[in-house]
Amino acid sequence: MIWTAVLGCAIGCYLLKLAGLSVPPRVLERPVVRRVADLIPVALLAALVAVQVFATGSPGGGQQLAVDARLAGLAAAVVALLLRAPFIVVVLVAAAVAALVRLV
Amino acid sequence: MPGLEPARRRAIVRDGLAVGVATGAYGLSFGAIAVTSGLDVWQACALSLLAFTGASQFALVGVVGAGGAPLSGMATGLLLGTRNTLYGLRLSTLLGFRGARRAAAAQLVIDESTAMSVNRESGEAARVGFLATGLAVFVLWNAATFVGALAGNALGDPKAWGFDSAVGGAFLALLWPRLRDRRNQVCAVLAAALALVLVPIVPAGVPVLAAGVVALGLGLLGRDTSDPTEVPDPDDLPEGGLR
């Protein structure tokens, strides 16, 4: 199933790129289409942050919300971003702080 | 059209290489996070080679790592990939590629190559910027993914190293440069809130996809404020950030 998703994502992402180079530019120049397209990454990335930090497996097999070491990791990532740290540093700081909180 | 001076060409190529090197570090974290999320080394490498667009790749492995259905991860990745379509629209007349060259160039349409080509002084300079940046990022991103995936495999328990938290940090770093705009801030808060409300009630992976509704709603309601052909500026790129 993971291979299906990997290859589906790969083919789809390539076709999305090719479509941009191939269709007449005015097709997607309608303001509404462009606004939605601009906001999609923002909405999805924000949701991914939230789910990644607060969602955890519940005993019943589904998902539930939890506050744990990951929130400390996210807070550390915010500080790193405010200090204009490069991407890899932000990621490492988030990981290291969460790991440290779990140790103590 | 006058040709590009050799010195100018070298300068553009050098900029592209610098962006590629910075992106390599980001590829290391993708490879490591992918294998600790449940992909194997080859799946991680296939994504970098064939999908080759950072945010979509991170979305897929993030959803899978959080216990979501791989197909939900795929759908999230595809939605994030739509912004490359907009870049392509902007680039098509500028680059002027046709046929097989266009089909090959399409794979290189990403944040970095777009940012390093759209503001050039001529079509030829744009093509040099696009190809130098796209190829440098492609080579280093794929090499880094492979090394990162091997390293991730060697690390053992991902939670002990805080890798689950690293994924949240990665998404936040991708989101960060987009949060200067007021409408984007509102969108981010609403989308995160909607996703959290849905977490206990729907299967994993669905809350993130559902948050796309917020983008749809705000986009339909909103008025136009920004340049319709806006693309990332070189200064907007975090060091090594394919967003």
- [ ] Pull up all non-local amide H partners of A:Q63: gap of 5 or more, or a different chain, and H-to-H distance under 5 Å with H placed in the peptide plane.
- [x] A:S58
Task: For the range B:1-87, diffusion coefficient by Stokes-Einstein and Kirkwood Rh (Cα), 20 °C, 1.002 mPa s, µm²/s - done: 146
Open item on the list: Students often check this: by mean Cβ neighbours within 10 Å, which of B:99-109, B:164-174 ranks highest, and how do the rest follow?
Closed with: B:164-174, B:99-109
Task: Label-point separation, B:V21 to A:I11 (7 Å along Cα→Cβ), nm - done: 3.9
TODO: For helix B:123-155, report the angle its Cα long axis makes with the longest principal axis of the Cα atoms of chain B; keep it between 0 and 90° and round to the nearest 10°.
DONE: 30
TODO: Compute from the Cα atoms of the protein assembly as shown the Rg and the Dmax, the latter being the longest Cα-Cα distance, and quote both in angstrom.
DONE: 19.3, 69
Task: Per principal axis, descending, Cα span of chain A in whole Å - done: 58, 40, 25
Open item on the list: Quick check: convex hull over the Cα atoms of chain B, volume per residue in Å³, rounded to an integer?
Closed with: 131
Task: Shielding by partners - mean other protein chain Cβ count within 10 Å, residues of B:3-14 - done: 0
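Laboratory data are not the source of any read-out in this text; all were calculated from the coordinates shown. The structure presented is a predicted model; accordingly, all values stated were derived computationally and were not measured. Glycine gets a Cβ as well: all are built from the backbone with ideal geometry, and neighbour counts include every protein chain shown.
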